[in-house]
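Enquirer: Please read through the structure below; I'll follow up with questions.
Laboratory data are not the source of any read-out in this text; all were calculated from the coordinates shown. In this text the structure is predicted, and so the values were computed from the model without any measurement. Cβ coordinates were reconstructed from backbone atoms using ideal geometry, including for glycine residues, and neighbour counts include every protein chain displayed.
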Amino acid sequence: MTTTVIVTGAGGVGKTTLSAALGAAICQQGRPTLVLTIDPAKRLADALGIQELGDTPVRIEGADGMWAAMLDASASWEAIIHRYADPEIGERLLANPYFQALADRFPAAQSYAAGERMAEYIETKQFDVIVVDTPPSGGGIDFFQAPAMANDLMSGKLLRWLTGSNLPGRRLLYRFTAKPILRVADAVLGGPMLSEVTDFLVDLR
């Protein structure tokens, strides 16, 4: 069973340094260890003395059995969509500007992607221990709250109303009722915002 260690706290208290030190100490016990940072700042790479980290774990020289990786939220969300979504819906989601903004800019979305990515690393059974270095303060809290927040979003009354998700044939109903109304609203607002947002929500469900 993979052990997960979450390092969280306020900025400037040494979370990244502690994460790197924990990874080095644990791997010396003969336990393959991954240090995963979900902080968009590149502090972990600096702490480990390497040029760059990406979404794919890299072996750390001089620390046998230690790997490190840095969450790429966009790449992780793309992998999630390809893994779980119908291919046609997946392509629409990936092309939707609101999905792109959600994946790139919202901390909770990044935390959810980090949780999914961590689950994938656990499934590989490559690592005995995964040390997660979180962003300052609220970013660490987001990591724990992200699954519940996603569930609340998907079950919210507004989302059910917009998408007609509690009715049979919801996509057909949406196409012939709500979507024409949203197009009128878009014309008044001078852009396709409402239609694109609702298209995004329909596909996301």
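Enquirer: Run the simple label-point estimate for residue 101 and residue 41 please: 7 Å along Cα→C-beta, distance reported in nm.
Expert: 2.7
Enquirer: While we're here: Any idea what the alpha-carbon Rg over 2.2 N^0.38 Å comes to for the range 1-111?
Expert: Details: Rg = 16.1 Å, N = 111, 2.2 N^0.38 = 13.2 Å.
Taking N as the residue count of the range 1-111, the ratio is 1.23.
Enquirer: So, one more: Looking only at Cα atoms, what is the convex hull volume of the range 25-64 per residue, in Å³?
Expert: Values: hull volume 3.1 nm³, N = 40.
Cα convex hull per residue, to the nearest whole number: 78 Å³.
Enquirer: Run the simple label-point estimate for residue 52 and residue 124 please: 7 Å along Cα→C-beta, distance reported in nm.
Expert: 1.9
Enquirer: Got a sec? How would 118, 66, 1 order by Cβ neighbour count within 10 Å, fewest to most? Please list the in-between numbers first.
Expert: Working: 118 22, 66 27, 1 6.
Starting with the residue having the fewest Cβ neighbours, the order is 1, 118, 66.
Enquirer: Using a Förster radius of 30 Å, what is the FRET efficiency between residue 6 and residue 29 based on their Cβ-Cβ separation? Nearest 0.05, please. Display every interim value, and only then the final one.
Expert: Values: r = 19 Å, r/R0 = 0.65.
In this case the efficiency is close to 0.95.
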